[in-house]
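Computed from the coordinates by the stated procedures, all read-outs in this text should not be read as laboratory data. Just so we're clear, the structure is a prediction, and the values are computed from it rather than from any experiment. Cβ: placed from backbone, ideal geometry, glycine included. Neighbour counts: every protein chain shown.
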Amino acid sequence: MKKLSILALSAALFVVSCKENKTDSAITTTEQEAPQKTGATYTIAADSSDVKWTAYHKGGLNPRFGTMKTEGTLTVDNGNLTSGTLTSNVASLTTDPKAVDPATSDGKTSTDLDTHLKSADFFDVAKYPTVKFEITKVEDLAAGTESKTEGANKTVSGNLTIKDKTVNVTFPAKVEINDNKVSLISKFTINRADWGLTYGTDGDPKDWMISQDIDLELNIVAKK
């Protein structure tokens, strides 16, 4: 029995450690005050911008992934990104069909997962229709900082509001600015528990089977 317990523990540790790290870990803190918006305003191009998301079962198994559309504005002052607001309509959340195989999911499809994620079990879209990110600070990426976002040159901080909880997150990003366009690209991971985003009640075994990590990839293009 003791030998079996050790083997089971070893297997569990292996499963937990098998998720490949392809994103930066966001640093979180309490909600921060957003700066006053000054300078030139660029409007996010909804047709060429999105937020990609990936969620996992424990240990990085059976990843589920898809996209969510976003809109809003970015503000540039003296050649620097200084503020901005991104608002995503949760109703636009779409799971990639390749992420859900009905043959291994009891016949469930990506559309079924969309419906479940938008229900009161998770995002509760009827009560909380949007996810909002408001930039609070943008700084140059510290020299020598390694990032999973290729070409990262800035550190972006902002208040991320999911349902009724706001947490400030900080992550590396690649920001490019010219006269007519601003682009913001980043890949980072948040812990859904920081926003109370759980499946069922606290301690529910269904929730335990789902990793708390959610990978987000911002692909934002804003134009004058």
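When DSSP beta bridges are limited to those with both residues in the range 22-223, what percentage is antiparallel, rounded to the nearest 5? Roughly 95 percent of the beta bridges in the range 22-223 run antiparallel, per DSSP. Per-residue ellipticity at 222 nm from helix content only, as computed over the chain with -39500 (n - 2.57) for each DSSP H run of at least four residues, stands at -3500 deg cm²/dmol.
In terms of surrounding Cβ atoms within a 10 Å radius of their Cβ, 109, 29 rank from fewest to most as 29, 109. Between residue 89 and residue 181, residue separation times 0.36 nm minus the direct Cα-Cα distance comes to 30.8 nm. Here the gap between residue 46 and residue 99, fully extended at 0.36 nm per residue and compared with their Cα-Cα distance, gives a gain of 16.7 nm. Per-residue extension of 0.36 nm, minus the Cα-Cα distance of residue 25 and residue 126, leaves a gain of 33.4 nm for this segment. At an R0 of 45 angstrom, the distance between the Cβ atoms of residue 61 and residue 33 translates into a FRET efficiency of 0.65. Between residue 142 and residue 193, the FRET efficiency from the beta-carbon distance, with R0 = 25 Å, is close to 0.35. When the C-alpha to C-alpha distance is required to be over 26 Å, the pairs from 187/223; 165/223; 108/165; 22/132; 127/224 that qualify are 165/223; 108/165; 127/224. Ordering 150, 31, 134, 71 by the number of other Cβ atoms within 10 Å of each residue's own Cβ, fewest first, gives 150, 31, 71, 134.
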